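Colleague: Take this structure, written in structure tokens, and hold onto it; I'll ask about it next.
Computed from the coordinates by the stated procedures, all read-outs in this text should not be read as laboratory data. Note that the coordinates shown come from a computational prediction; the quantities given were computed from them, not determined experimentally. When we count neighbours, we look across all protein chains shown, and the Cβ atoms used for this are built from the backbone with ideal geometry, even at glycine.
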Amino acid sequence: MIELVIACFIGILIGTTTGIIPGIHVNTAGAILFASSGALLTQVSPEFLCVLMVSMSIAHALIE
């Protein structure tokens, strides 16, 4: 459970970064995350990546 909270905070951090910096979109960060998911899934659970991507998207939409 604590892993999902950590994933949420990391997603908020990435979403805030993509929302503040012009020219960087959340889809770019999502594509990079999705492309590296094969390697990431050896370290974290699929739920971790899902929470990370959703929180990243929501934070980007609110900060933008």
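Colleague: Only residues in the stretch 46-62 that are closer than 15 Å to ILE21 by Cα count as the first member; pair them with residues that are of a type in the set (S, T, N, Q) and surrounded by fewer than 19 Cβ atoms within 10 Å (Cβ to Cβ), Cβ under 6 angstrom, at least 6 apart or cross-chain, and list the lot.
Modeller: Within 6 Å, the pairs are ALA59/THR16.
Colleague: Continuing with this model, one more query. What number of residues within the stretch 2-23 satisfy the criterion of being more than 17 Å from ALA59 (Cβ to Cβ), among the β-branched types (Val, Ile, Thr) and surrounded by 11 or more Cβ atoms within 10 Å (Cβ to Cβ)? Even if it seems obvious, please write down each step before you answer.
Modeller: Of all residues in the stretch 2-23, those more than 17 Å from ALA59 (Cβ to Cβ) come to 2-3, 23.
With among the β-branched types (Val, Ile, Thr) added as a condition, the list becomes 2.
After this cut, where a residue has to be surrounded by 11 or more Cβ atoms within 10 Å (Cβ to Cβ) as well, the list is none.
Residues meeting the conditions: 0.
Colleague: Another question about this same structure. If you scan the stretch 24-64, which residues turn out to be loosely packed, with under 12 Cβ neighbours inside 10 Å and of a type in the set (A, V, I, L, M)?
Modeller: Answer for the stretch 24-64, where residues must be loosely packed, with under 12 Cβ neighbours inside 10 Å and of a type in the set (A, V, I, L, M): ALA31, ILE32, ALA35, ALA39, ALA61, LEU62.
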